[in-house]
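Worksheet: the structure to be examined is printed underneath.
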Amino acid sequence: MSQQLSDRYNPADVENRTYQWWESSGYFKAQDQSTKPPFSIILPPPNVTGFLHMGHALDHTIQDILIRWKRMNGYNTMWLPGTDHAGIATQSVVERELKKEGVTRHDLGREKFVEKVWDWKHQYGDRIYSQMRRLGDSCDWDRAVFTLDEGVSKAVKKVFVSLHKKGMIYRGKRLVNWSGPLETAISDLEVEHKQIKGSMYHLKYALEGSSEMLIVATTRPETMLGDSALCVHPEDDRYKHLIGKNALIPLINRKIPIIADTYVDKEFGSGVVKITPAHDFNDYKIGKSHNLEFINILNKKTELNENGGPYQGLKVQEARKRILEDLKAQNLLEKEEVHVHSVGHCSRSGAVVEPYLSEQWFVKMEQLATPGKRVVENGTIRFEPESWTKVYLHWLNNIEDWCISRQLWWGHRIPVWYCADCEHQTVSETEVTSCEKCNSKKVSQDEDVLDTWFSSALWPFSTMGWPNETETLKTFYPTSYLVTGHDIIFFWVARMIMMGLEFQRDVPFRTVYIHGLVRDSQGRKMSKSLGNSIDPVEMIEKYGADALRFTFAAHLYSGKDFKFSEQRLEGYRNFMNKIWNAARFALSNLQDFKVPADGVKALPNKSQISVFDQWIITKLAEVTKEVEDAMEAEKFSEAATALYQFIWNQFCDWYIEFTKPIMNGTNAEEKQATQLVIAQILNRITRLLHPFAPFISEEIYQKLPIKGAACIVDQFPNTRNDKEFLSLGSSQAALEIDIVKEVITAIRNIRGENRISPAVKINARLGVTNDQVQKILGNNRTAILNMGRIENLDIGTEGNLMKCAVAPVAVKDVSVKVIIPLEGLVDFDEEVKRINKLVEKLQKDIGMLSSKLSNEKFIANADEDVVAADKVLLAQSKVQLDSLRDALTRFQ
RNA sequence: AGGGAGUUAGCUCAGUUGGUAGAGCGCCACCCUUACAAGGUGGAUGUCGCAGGUUCGAAUCCUGUACUCCCUACCA
């Protein structure tokens, strides 16, 4: 079989086939009822319009690691996928498509347009699911939910009606953030503030019955058309006498009162503020408290309306330009100065957001926020990293009511019907055909839809069949983890918590795992406009899904943003290839392996296995423990890195090399014992690797002589369940191999520094007096000969050091002197340089150590172990220094 | 303005009970040594942002400071 394996790992040969096999074998499926403990994650539903982007890839990798890890730990795992109808985003996409045909949604009308969107959804809605499969997401696909599915719609209506009944949803004419291009209200969270270098315009307002002019500063001069007052500070001596008098708006000469409010900052600008209650959030409050007129000067498209007088019909920006021209012409603009301020932009359309007065639906948040705060404060829900707790609580402490209505056509329509006869509002979960108050048939449903995040907020239970009391809910609610980026903590996480508590009387999840955002290699956000987006599917095609997943896993450090670089991905692709080749080689050495009768349970006899076997098992025990601890602590990068280092730097670099002579040797018994160890180590490597690199691990696993049915459902090794095998390791073997490794490294170092070609075989002596150590080195003669490329090796006395390279080796309290005669091989310049470098280093160390050890306070205060270790080190360093100096003299 | 995060090798970043600074990539040298050139072996590279303090000892703890980034809120 191993001959079939190519010398390069080709993910394309493996991934689709393996995924299909897993899926058709039902390994992803969760059981609604099971004796196994439940573990569940609800996937943050990607937009149905979307392609899989790097952010998803990172997000999903984390979730899939958790799910696969828990599955292998015997949990009844449910990863529930879904997609979001994403109101504005989807509607925009379809509108853009229509625009190409020269059609607007208004041409089609609501019904036809919504049909078009559904068509679009049916055509492209599953696209992202197939991309998720490419990544290896082990979701329970049978449970996939769309936010406009019937069940979810039922939940949405029920929640709306229920909150309305409790008085927690209300309708009101309020100032909201308005997106002109989209012709809809957007929530505070959908507004992006950008620093803009704009202008501050100082306008001249005439006083009624006076030639005096009042200077008023503004950044938005066009809003003066909607002014209801001028406002000054009540204790501002400059203007006190004007309070109660009237001023005239420039150009249109409408009369407005001059009022006083402490809101005004005397120091800022001229100390006089124009009040435009219908177009500014602060002014709105003043307007309310002073009972001012609310003059709306805009229409839905953010063009000036009939209140705009001569400027009616102009867009805001044009109106501003024209008004400024006119002001200048009439000498009513005192000055214009550069002013940097932040301006709200619509996060969807990019347009400047205009505060706009309109009828909207709101959710009262205060009541919902209190329990939402409590569960995080008391630790029922934990944020990881913990620092997000503060951010979350701060937001809830300053929460504003949530505007949930959107003037869109695509989404959950607001379940309210208005009666044309008695104006009564009927709020109902079911279709309303007559007014509940007057029975009139002239009822019409509210035209607006709900904010997408309204349905998202119910996601943890609406996806599990609520409002029905399903087995799924009983088993899997609350879910175990919520994994997401920090950009949607407010949008989504907080609202899920509040809705979960309100409607399930329990938190929706226990742990919120927040990860960073994926950025480009320069740290910029990936965006279409910058053209720096990288397509994960393309990366998977080029490097393999495992490499991509491992790249993320290895760099997941406490919620930090992730700078993605293809070069790094390449490194992990190489790692996958390394694993592949190691397995390929190991398997080729297992061709004549006789599988023991007890198969996967077979363990070698400790007395039969080599010191190499014992050593690698010791290392395996270490990495198993590291992975175990790291996974428990959600430190995925530590787990991934530990595996990387074990596989590459221990198993490949040393163990495979050490065991080559055994594999090629004639001792059948020894070979069989080592073969069993190799088979068992590979079995464990694949399992440990599986959550991170599912495809390659399954592929190799399936080729192993001893294995279970599938890696994906085999047990994840830990120090408890693998105790028997891991106990075959030995610390004595570990020490022996450490000495051998150090000796070999010292030989290689001398070779390298003296530029002795690997093709040239050399002689070496190992100077060591201790019998025990001599024996150890003697036992490993073959390894040293092969890996150091040594012709003749003497172990024992130092002998004559004339013209010899010398490298002292120290492992714990063991010292060995590696001696290589250089006569005739090279000139000695490089060796002298090398030794001098070592001498320098040793002198530095000795200086540092002896000053430390001669410090009484150090001896008194430091741990005994630390002092003892330093003493040993100092003694060894001194011996080494002497021998090196000695060696130096032999070159002269 | 308030809050959070960061500043360690050329680059990207690790480094929690304080005990002589690490990885990957890149770089230099030598190698196609029969698993792997997507490889092997060896090497170079850091007063751990700056200034104080605590301590026998600080990248690590405390204080201050500079710079960067993010979030929230914004003065017309």
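Some observations on this one:
- Qualifying residue in the range A:283-304 (condition: assigned to a helix (DSSP H, G or I), touching a helix residue (DSSP H, G or I) at 6+ places or on another chain (Cβ under 6 Å) and more than 16 Å from RNA strand B (Cβ to nearest atom)): no
- The residues of the range A:142-153 that are open to solvent by 30 Å² or more (accessible area, probe 1.4 Å) and either modelled with pLDDT under 95 or not acidic (Asp, Glu) (or both), listed by number, are A:143, A:144, A:149, A:150, A:151.
- Residue check, residue A:311 at pLDDT below 85 and on the phi < 0 side of the Ramachandran plot: yes
- Of the strands (runs of 3 or more DSSP E) entirely within the range A:221-269, those holding at least 3 residues that are more than 10 Å from RNA strand B (Cβ to nearest atom) occupy A:246-248, A:255-260.
- Conditions (1) assigned to a helix (DSSP H, G or I); (2) open to solvent by less than 20 Å² (accessible area, probe 1.4 Å); (3) modelled with pLDDT of 90 or more; number of the one not met by residue A:858: (2)
- Pairs with Cβ under 6 Å, 6+ apart, first in the range A:600-629 and closer than 13 Å to residue A:684 by Cα and open to solvent by less than 10 Å² (accessible area, probe 1.4 Å), second part of a loop (DSSP other than H, G, I, E, B) and among the polar types (S, T, N, Q): A:624/A:719
- Flag for residue A:823 being acidic (Asp, Glu), assigned to a helix (DSSP H, G or I) and more than 9 Å from RNA strand B (Cβ to nearest atom): no
- Selected residue [closer than 22 Å to residue A:882 by Cα and within 16 Å of RNA strand B (Cβ to nearest atom)] from A:747, A:784, A:762, A:756: A:747
- Checking each residue in the range A:409-453 for being part of a strand (DSSP E or B), among the aromatic types (Phe, Trp, Tyr) and open to solvent by 20 Å² or more (accessible area, probe 1.4 Å) picks out only A:418.
- Test: residue A:15 is within 16 Å of RNA strand B (Cβ to nearest atom) and either in contact (Cβ under 8 Å) with a residue 40 or more places away in the chain or touching a His at 6+ places or on another chain (Cβ under 7 Å) (or both): yes
- In the range A:713-731 there is no residue matching the filter, namely being within 16 Å of RNA strand B (Cβ to nearest atom) and in a loop (DSSP other than H, G, I, E, B).
- Unmet criterion (only one of (1) open to solvent by 60 Å² or more (accessible area, probe 1.4 Å); (2) out of contact with any strand residue (DSSP E or B) (no Cβ under 9 Å at 6 or more places or on another chain); (3) of a type outside the set (A, V, I, L, M, F, W, C); (4) in contact (Cβ under 8 Å) with a residue 40 or more places away in the chain) for residue A:720: (4)
- Filtered residue count, the range A:861-886, keeping only those that are within 8 Å of RNA strand B (Cβ to nearest atom) and either exposed (fewer than 12 other Cβ atoms within 10 Å of the Cβ) or over 29 Å from residue A:806 (Cβ atoms) (or both): 4
- Among residues of the range A:265-279 that are acidic (Asp, Glu), those with a beta-carbon under 9 Å from a residue that is part of a loop (DSSP other than H, G, I, E, B) and open to solvent by less than 50 Å² (accessible area, probe 1.4 Å) at least six positions away or on a different chain give the pairs A:265/A:233; A:265/A:271.
- Scanning the range A:744-763 for residues that are surrounded by 20 or more Cβ atoms within 10 Å (Cβ to Cβ) and touching a helix residue (DSSP H, G or I) at 6+ places or on another chain (Cβ under 6 Å) returns A:744, A:747, A:754.
- Considering residues of the range A:393-408 that are near RNA strand B (Cβ under 10 Å from one of its atoms) and assigned to a loop (DSSP other than H, G, I, E, B) only, the residue most open to solvent (accessible area, probe 1.4 Å): A:400
- A single entry from A:353, A:363 fulfils the requirement of being more than 15 Å from RNA strand B (Cβ to nearest atom) and buried (at least 18 other Cβ atoms within 10 Å of the Cβ): A:363.
- Of all residues in the range A:173-206, those that are more than 13 Å from RNA strand B (Cβ to nearest atom), open to solvent by 20 Å² or more (accessible area, probe 1.4 Å) and either among the aliphatic types (A, V, I, L, M) or not in a strand (DSSP E or B) (or both) total 4.
- Candidates A:291, A:296, A:305: the one that is on the phi > 0 side of the Ramachandran plot and not β-branched (Val, Ile, Thr) is A:291.
- The set of residues in the range A:837-851 that are touching a residue at least 12 places away in the same chain (Cβ under 8 Å) and either surrounded by fewer than 16 Cβ atoms within 10 Å (Cβ to Cβ) or polar (S, T, N, Q) (or both) comprises A:843, A:850.
- Screening the candidates A:316, A:343, A:338 for the property of being within 15 Å of RNA strand B (Cβ to nearest atom) and open to solvent by 40 Å² or more (accessible area, probe 1.4 Å) yields one hit, A:338.
- Checking each residue in the range A:366-392 for being among the aliphatic types (A, V, I, L, M), modelled with pLDDT of 90 or more and within 16 Å of RNA strand B (Cβ to nearest atom) picks out A:369, A:376.
- Checked against (1) open to solvent by 10 Å² or more (accessible area, probe 1.4 Å); (2) over 29 Å from residue A:80 (Cβ atoms), residue A:468 passes all but a single condition, namely (2).
The values are calculated or read from the model by the stated rules, or taken from the named source; none is laboratory data. All values derive from a computational prediction rather than experimental measurement. So basically every Cβ, Gly included, is an ideal-geometry build from the backbone, and we count neighbours across all protein chains shown. Heavy atoms of the whole protein, side chains included, go into the accessibility calculation; ligands, DNA and RNA do not. Shrake-Rupley method; radii C 1.70, N 1.55, O 1.52, S 1.80 Å.
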